[in-house]
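Reviewing the structure listed below.
The values are calculated or read from the model by the stated rules, or taken from the named source; none is laboratory data. Owing to the predicted nature of the structure, the values given are computational and were not obtained by experimental measurement. Neighbour counts run over all protein chains shown; Cβ positions are idealised from the backbone, glycine included. For the accessible areas, the whole protein counts, side chains as well, though only heavy atoms, and no ligand, DNA or RNA atoms are used. Shrake-Rupley method; radii C 1.70, N 1.55, O 1.52, S 1.80 Å.
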Amino acid sequence: RDFEKKICSKLKVKYCLATTSGTMAQYIAMKAMGIKRGDEVITQAFNFVATIEAILDCGAIPIITKIDDSLNMCPKDLKKRITKKTKVVIPVHMLGFSADIKAIKQICKRNNIFILEDNCEAVGAKYQNKFLGTIGNAGIFSFDHGKNITTGEGGAIITDNRKIFKFAKEYYDHGH
């Protein structure tokens, strides 16, 4: 709990839930956002397999966008991929660089879609003076041995949304 409190303090968010891995953080966050079988979750082509695994574990359908010159989600391609089944967009901030989260947020807001920022490779990085992972509805982290901050294994969900946090905490504590 001390680790969670320190993450909240450092990143200036209300809630943090430490998990066993970044993949588990992603899975739980999507469940907290109401993802169910048959929903579509959009993420990007340049990615790690764990993102797709978590989407599939939720029973959802992964939809893949192209990347732009920053190696992150291309907002123009994102617009083309949204359907009535799209419930969550997962931009993956790759190699310490931010996706165009402002454009992604505008697109998602217009379409009433959650943003789950995968910040496993950009812990501590900022976009327009805000920490990545704090701009969407929730953010996730991985602390495995290959990340820039490691606990050997582990992950975390951060959010300012009490409803997402409450569901995630209850879901996780129940042993899912």
Query raised in the report: For residues in region 137-176 being out of contact with any helix residue (DSSP H, G or I) (no Cβ under 7 Å at 6 or more places or on another chain) and closer than 21 Å to residue 109 by Cβ, which is surrounded by the most Cβ atoms within 10 Å (Cβ to Cβ)?
Result: 139
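Look at residue 58 and say whether it is within 15 Å of residue 155 (Cβ to Cβ), hydrophobic (A, V, I, L, M, F, W, C) and in contact with a strand residue (DSSP E or B) (Cβ under 8 Å, 6 or more places away or on another chain).
Numbers: within 15 Å of residue 155 (Cβ to Cβ): no; hydrophobic (A, V, I, L, M, F, W, C): yes; in contact with a strand residue (DSSP E or B) (Cβ under 8 Å, 6 or more places away or on another chain): yes.
In short, no.
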Query raised in the report: Out of all the residues in region 101-113, which are touching a strand residue (DSSP E or B) at 6+ places or on another chain (Cβ under 8 Å) and open to solvent by 70 Å² or more (accessible area, probe 1.4 Å)?
Result: 102, 105, 111
Query - Search result, residues across region 50-76 that are out of contact with any helix residue (DSSP H, G or I) (no Cβ under 9 Å at 6 or more places or on another chain) and under 17 Å from residue 118 (Cβ atoms) - result: 52, 56, 74
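State all residues of region 22-46 that are surrounded by fewer than 20 Cβ atoms within 10 Å (Cβ to Cβ) and outside any helix (DSSP H, G or I); if no residue qualifies, say none.
Our first condition is that a residue be surrounded by fewer than 20 Cβ atoms within 10 Å (Cβ to Cβ); within region 22-46, this holds for 31, 34, 36-39, 45-46.
Residues satisfying the conditions are 34, 36, 37, 38, 39, 45, 46.
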